[in-house]
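The values are calculated or read from the model by the stated rules, or taken from the named source; none is laboratory data. Because the structure is predicted, anything quoted here is derived from the model rather than measured. All Cβ positions, glycine included, derive from the backbone under ideal geometry; neighbour counts span all protein chains shown.
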Amino acid sequence: MSRFISIIIGIIITLSSSLIFTASAVAAIGLDNGHLAACPSSPNCVVSQDGDEKHAVEPITYKSDRATAKETLLKVLSVVPRTEVIEDTDNYIYAESTSRIFKFVDDAEFYFPEDENIIQVRSASRVGESDLGVNRRRIEQIRLAMQDLGV
């Protein structure tokens, strides 16, 4: 019986930890004075603003006007598997992507600074340590799609 209780307590602790990590990841969403949040120390995040060597990714560049670039990005996001745009403002897009098997949620953010023809990006897993490079690959695929569409 005590082994059963130990297992139950272990499960409760694990679930509680997951909820804490999820809450802290969700809290990192959004802009703060024109900046996306920094990545945590875990390797499951990429960011184009002030990213260290492990987390840095280039912003997405565009040649068109900002409205066209934003419209095109929304079209690209609409065909990214299991991805839903949650917030869409004048200069910011926030989307969630859910993994197929385990239903892990990744948060992707796109910021359009007024004075540059770039889209600052951040993509991060909410839980876990490693994402096996999924967030970096997703951002690079979105970048390639934008380039292919001639934006």
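Quick check on this structure: which one of 100, 137 is over 26 Å from residue 33 (Cβ atoms), without any contact (Cβ under 8 Å) to a residue 12 or more places away in the chain and out of contact with any strand residue (DSSP E or B) (no Cβ under 6 Å at 6 or more places or on another chain)?
Numbers: 100 fails: without any contact (Cβ under 8 Å) to a residue 12 or more places away in the chain.
Of 100, 137, the one residue that is over 26 Å from residue 33 (Cβ atoms), without any contact (Cβ under 8 Å) to a residue 12 or more places away in the chain and out of contact with any strand residue (DSSP E or B) (no Cβ under 6 Å at 6 or more places or on another chain) is 137.
When the residues of region 51-106 are filtered to those that are of a type in the set (Gly, Ala, Ser) and at pLDDT below 95, which remaining residue is farthest from residue 30 (Cα to Cα)? It would help to see each step written out before you state the result.
Here is the first cut: in region 51-106, the ones of a type in the set (Gly, Ala, Ser) are 51, 56, 64, 67, 69, 78, 95, 97, 99.
Next, from what is left, pick out any that are at pLDDT below 95: 51, 99.
Values: 51: 16, 99: 22 Å.
By that ranking, first place goes to 99.
Suppose we filter region 47-85 for residues that are touching a Leu at 6+ places or on another chain (Cβ under 9 Å) and part of a helix (DSSP H, G or I); how many remain?
Residues meeting the conditions: 3.
Quick one: in region 115-151, which of the residues that are of a type in the set (Lys, Arg), surrounded by fewer than 22 Cβ atoms within 10 Å (Cβ to Cβ) and touching a Ser or Thr at 6+ places or on another chain (Cβ under 9 Å) is farthest from residue 45 (Cα to Cα)? Give the steps one after another, and end with the answer.
At the first step, the residues of region 115-151 found to be of a type in the set (Lys, Arg) are 122, 126, 136-138, 143.
Adding the requirement that they be surrounded by fewer than 22 Cβ atoms within 10 Å (Cβ to Cβ) leaves 126, 136-138, 143.
Then drop every residue that is not touching a Ser or Thr at 6+ places or on another chain (Cβ under 9 Å), which leaves 126, 136, 138, 143.
Details: 126: 9, 136: 7, 138: 11, 143: 16 Å.
Of everything passing the filter in region 115-151, 143 is farthest from residue 45 (Cα to Cα).
What number of residues within region 114-126 satisfy the criterion of being over 12 Å from residue 61 (Cβ atoms) and part of a loop (DSSP other than H, G, I, E, B)? Steps first, please.
To start, the set of residues in region 114-126 that are over 12 Å from residue 61 (Cβ atoms) comprises 114-115, 122-126.
From what's left, part of a loop (DSSP other than H, G, I, E, B): 114-115, 126.
Residues meeting the conditions: 3.
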